[in-house]
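The values are calculated or read from the model by the stated rules, or taken from the named source; none is laboratory data. Predicted, not measured: the structure shown is a model, and the values here were computed from it. Virtual Cβ from ideal backbone geometry, glycine too; neighbours counted across all protein chains shown. To get the accessible areas, we keep the full protein, side chains included, count just its heavy atoms, and leave off ligands, DNA and RNA. Shrake-Rupley method; radii C 1.70, N 1.55, O 1.52, S 1.80 Å.
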Amino acid sequence: MSRTSVPAASAPHSADPSLSGAWEDLVTTALLGTDRRTPAGAAPGADAPKALLDAAAVATVRRRAGLRPAGAAERPRPAPRDPRPALPPAAARRLTMLLSDRPGTSGGGRRGTAPDLMELLPQWLAAANAHGFAAPAPALPALLDAARGRTDLRPAVLRFAGPRALWLARLNPEWRFALRSTPGGGVSLPGTMNAVNPEVPEDPENTDSSLRLWQEGLFAERVALLATLRSRRPAAARELLATTWATERAEDRLMFLDSLRTRLAPDDEPFLELALADRSRNVRATAAELLSALPGSALAERMAVRAGVCVAVDHTRDTPTLTVEAPHECDADMERDGVTAKAPAGRGERSWWLGQLVEAAPLGTWSRRLGGRSPRQIVALPVADDWRSELHAAWCRAAVRQRDAEWSRALLGEPAAVEAGGPGAVSLAERAKLLGTLDAAERAEWVAGFIGTHGLPDAFQLLGVCAVPWAPPLGRAVVDALNIARDAGSYPWSFSGVMGLAERCLDPSEAGHLDALLAVPDEPEDASPGSGGYWSEAFQRLVTTLRLRAAMLAELTPAPPGHP
């Protein structure tokens, strides 16, 4: 034996300084190895390691015996009561199963036919929260651990975990994220009880209790209060925020200001105009964005005038054409209204300024400024001097910000259009954002038409914005496209992202319609070797997951009155 490991942390610090030096000597001997340094009082040779360990054991006992007793810590207060109904037993068992699943346990790149349980947890949490169930106390640590590792789970977990989430977070530093919270995360109130902290008043209109909590509460509690009050009495929430606005930290002002997106109204304009002069650039930019989402605001009108000067219709050409004259400077008034003067690397300054002006201008003004044309007619006009992409991209951002469905339809174009990117969107990401302004049925119908023309390779981002479960036309389009890909003889791994979405988003009632896809198909001569078996495996996993989702949701559905 050349070295012996002695865990220094296992031996507490003693009140006797002489013992500390002896312990350090033993640790040094263990690190160097007994063949290089013999323990004090021991003979060199084969017995030296044993002598070192014996000495370490004796020293550990001496050091622990020499500790001075510390004062007793204050006992924690009992956890708050959660008055929500308990989970049905079957649902509680299902939650334990979902939380115990660990991704990647099968090894290699092949998933097999087993469902990915952790990917079903968000859907399970959404259903449990919709029914207003309380989390079982034994599951709380595992829930918080899951939310610690996945930020996307935090809003649903904190809501489901209820008032005990904060209680536990104060006892474990690894769960401190629950105290900080995330914007809008875990701060909603199921019914009249705050799911994060019972100290948030059940009646947020109680001025005294709200003001006290706003002034003295933790950050997560203040976010919870502001979000709840904003959803019920927007003006009261804004007035509460104004009481401490000047003394808040910049990052907190930014997050609190973001809460005004809920029920944003013209009454918010004076407060947002004041925020345009904030010392934080991010706060100023957010205030300007919110004001531009109010088409009747003074800022929106100022931006409309600036943008209108830059874009006009040239009738002297054979075909009416949009001409663009981008700003030549970014003056102080433009900067105050949220225009960022410095362009990102690789962007020209003038095009950067133009994009910001156009996206902040009310879309309703363009019809008047461009000869009474409709949004679809405006988008169809040619644009001179290669300004088309810049102009259309800015209109895309404006349509998303202002939630303008008519402009979104114009910029999206027909789903069967030859250009997969659409007539106005500069990328599929922009197109996905535009789809978010449409209602769920129209969104699903459009994406189904897109898949029917362009297939699945370009559809992943678009599918991600569709409501779950997918509407029947969309679900059928996805399954048909997967079937076509299977018949083409390629491996299913190229479609793993879409297949994963299908597992989580297809209507569970579709499982019975997929049985014909479970068999191993005959492989064409030019097919990838073994592809048919891999596709069969993927479809088996899809069907198994759909049936599991159906059972999962049934377990969370309360039994009708009179039934056990």
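Taking the range 461-489 as the range and being closer than 24 Å to GLY533 by Cα and open to solvent by 40 Å² or more (accessible area, probe 1.4 Å) as the test, the residues that pass are ARG476, ASP480, ASN483, ILE484, ASP487, ALA488.
A single member of GLU289, GLU335 is open to solvent by 50 Å² or more (accessible area, probe 1.4 Å) and in contact with a Lys or Arg (Cβ under 8 Å, 6 or more places away or on another chain), and it is GLU289. When the range 388-430 is limited to residues that are farther than 28 Å from ARG263 by Cβ, at pLDDT 85 or above and of a type in the set (D, E, K, R), the one that is surrounded by the most Cβ atoms within 10 Å (Cβ to Cβ) turns out to be GLU390.
From the list ALA147, ALA126, the one residue that fits, being open to solvent by 20 Å² or more (accessible area, probe 1.4 Å), modelled with pLDDT of 90 or more, in a helix (DSSP H, G or I) and under 30 Å from LEU546 (Cα atoms), is ALA126.
Taking each residue of the range 266-277 that is within 19 Å of ARG249 (Cβ to Cβ) and assigned to a helix (DSSP H, G or I) and looking for partners that are open to solvent by 10 Å² or more (accessible area, probe 1.4 Å) and of a type outside the set (Lys, Arg) with beta-carbon atoms closer than 7 Å, six or more apart or interchain, yields PHE271/ALA242. The residues of the range 194-213 that are part of a helix (DSSP H, G or I), buried (at least 18 other Cβ atoms within 10 Å of the Cβ) and either within 27 Å of the chain's Cα centre (by Cα) or at pLDDT 85 or above (or both) amount to a single one, LEU213. In the range 320-345, the residues that are over 18 Å from VAL309 (Cα atoms) reach residues that are open to solvent by less than 80 Å² (accessible area, probe 1.4 Å) and in a loop (DSSP other than H, G, I, E, B) with C-beta atoms within less than 7 angstrom, at least six apart or across chains, in these pairs: ARG336/LEU276; ALA341/CYS330.
One residue stands out among those in the range 150-184 that are under 13 Å from the mean Cα position of the chain (by Cα) and in a loop (DSSP other than H, G, I, E, B): the one that is surrounded by the most Cβ atoms within 10 Å (Cβ to Cβ), which is SER181. Residue-level analysis places ARG238 outside the set of residues that are among the basic types (Lys, Arg), in contact with a Pro (Cβ under 8 Å, 6 or more places away or on another chain) and closer than 20 Å to TRP214 by Cβ. Has the range 334-349 got any residue that is touching a strand residue (DSSP E or B) at 6+ places or on another chain (Cβ under 9 Å), of a type outside the set (Lys, Arg), assigned to a helix (DSSP H, G or I) and modelled with pLDDT of 95 or more? No, the range 334-349 contains no residue that is touching a strand residue (DSSP E or B) at 6+ places or on another chain (Cβ under 9 Å), of a type outside the set (Lys, Arg), assigned to a helix (DSSP H, G or I) and modelled with pLDDT of 95 or more. VAL498: modelled with pLDDT of 90 or more and in contact with a Gly (Cβ under 7 Å, 6 or more places away or on another chain), yes or no? Against the criterion (modelled with pLDDT of 90 or more and in contact with a Gly (Cβ under 7 Å, 6 or more places away or on another chain)), VAL498 does not qualify. When the range 23-55 is filtered for residues that are at positive phi and either surrounded by 14 or more Cβ atoms within 10 Å (Cβ to Cβ) or out of contact with any helix residue (DSSP H, G or I) (no Cβ under 8 Å at 6 or more places or on another chain) (or both), the ones remaining, listed by number, are GLY33, GLY45. The residue that is modelled with the lowest pLDDT, counting only those in the range 49-105 that are under 30 Å from PRO39 (Cα atoms) and not in a helix (DSSP H, G or I), is LEU67.
In the set (1) aromatic (Phe, Trp, Tyr); (2) more than 29 Å from ALA293 (Cβ to Cβ); (3) in a helix (DSSP H, G or I), TRP446 fails one condition alone, (2).
You will find that of TRP493, TRP470, the residue that is in contact (Cβ under 8 Å) with a residue 24 or more places away in the chain, aromatic (Phe, Trp, Tyr) and not in a helix (DSSP H, G or I) is TRP470 and no other. Filtered by the rule that a residue be assigned to a helix (DSSP H, G or I), surrounded by fewer than 18 Cβ atoms within 10 Å (Cβ to Cβ) and acidic (Asp, Glu), the range 214-257 gives GLU216, GLU239, GLU251, ASP252. Against the conditions (1) more than 23 Å from GLU390 (Cβ to Cβ); (2) buried (at least 19 other Cβ atoms within 10 Å of the Cβ); (3) not basic (Lys, Arg), ASP318 satisfies every one except (2).
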